[in-house]
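The values are calculated or read from the model by the stated rules, or taken from the named source; none is laboratory data. Note that the structure is predicted; figures quoted are calculated from it, not measured. No Cβ is skipped: glycine too gets one built from the backbone with ideal geometry, and neighbour counts run over all protein chains shown.
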Amino acid sequence: MFSQIESGPRALDAALACDLTELTADELVRLNRLAQDLVRKATALGLAAMAEASRAEAHRAAGEISMAALVAREAGVSRREAAQQVRLAQQLETAPVLREALGRDGMSADKARIVTEALQGLPADLTTDERRAVESDLTAAAPDLPLEQLRRKARRAVEVVDVRRADAIENQLLDGEERRRPPRPRSG
């Protein structure tokens, strides 16, 4: 199985060596669509591998102190960004509906992060079925929503199972935001 996965970058290297100026506009549109599909699927594979490597503490075999350190080195990102990726990978392990949808059109790691953060913020007393209903609702909506609209929907995620509770949670969030906002200068 690993040899099949390992051949992917070689195929991409061959594609990158092609002269894209020879492609028609329709072919360029199809190529862009294909490239976005590859990015989504590579992201899904990378996050699944990261979750398993984290569980197996594979970073030790690479001589790194943490999975985030390994990801930072390998991906060329900050440790903060690497830690966010590792956290997302681990959160996806408890969100099977979302994990399955990550490679679909319209999905991204950013959208998955919004959904997993909403799932993490759900009230502790929700049942497994209620949590799965919320996960399914957000995951179904995510591909079609811009990030900002998905964030708004995620803030009211519990609405799927309890509208009144969603109103109360949103009111608490708004009250907290208002208290943190600096006072407006008085005119006059």
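For the stretch 147-188, give me each residue that is exposed (fewer than 10 other Cβ atoms within 10 Å of the Cβ) and either touching a residue at least 24 places away in the same chain (Cβ under 8 Å) or not in a helix (DSSP H, G or I) (or both).
Once the filter is applied, which keeps residues that are exposed (fewer than 10 other Cβ atoms within 10 Å of the Cβ) and either touching a residue at least 24 places away in the same chain (Cβ under 8 Å) or not in a helix (DSSP H, G or I) (or both), the stretch 147-188 yields Arg181, Pro182, Pro183, Arg184, Pro185, Arg186, Ser187, Gly188.
With (1) loosely packed, with under 11 Cβ neighbours inside 10 Å; (2) at pLDDT 95 or above as the list, and Ala69 as the residue in question, which single condition is left unmet?
Status for Ala69: all satisfied but (1).
Kindly evaluate Val39 against the criterion of being more than 25 Å from Ser7 (Cα to Cα) and in a helix (DSSP H, G or I).
Numbers: more than 25 Å from Ser7 (Cα to Cα): no; in a helix (DSSP H, G or I): yes.
In short, no.
Can you tell me which of (1) in contact (Cβ under 8 Å) with a residue 12 or more places away in the chain; (2) among the acidic types (Asp, Glu); (3) in a helix (DSSP H, G or I) is the one Asp105 doesn't meet?
Every condition holds for Asp105 apart from (3).
Here are Val77, Val71, Val29: which of them is among the β-branched types (Val, Ile, Thr), over 17 Å from the mean Cα position of the chain (by Cα) and not assigned by TED's automatic domain parsing to the domain that holds Glu100? Walk me through it before giving the result.
Working: Val77 fails: over 17 Å from the mean Cα position of the chain (by Cα); Val71 fails: over 17 Å from the mean Cα position of the chain (by Cα).
On inspection, the qualifying residue turns out to be Val29.
Got a number for residues in the stretch 113-159 being of a type in the set (Lys, Arg), over 14 Å from the mean Cα position of the chain (by Cα) and under 22 Å from Gln90 (Cβ atoms)?
Within the stretch 113-159, the first condition is being of a type in the set (Lys, Arg), and the residues that meet it are 113, 131-132, 151-153, 155-156.
Checking which are over 14 Å from the mean Cα position of the chain (by Cα) leaves us with 131-132, 152-153, 155-156.
When the remaining residues are screened for being under 22 Å from Gln90 (Cβ atoms), the result is 131-132.
Count: 2.
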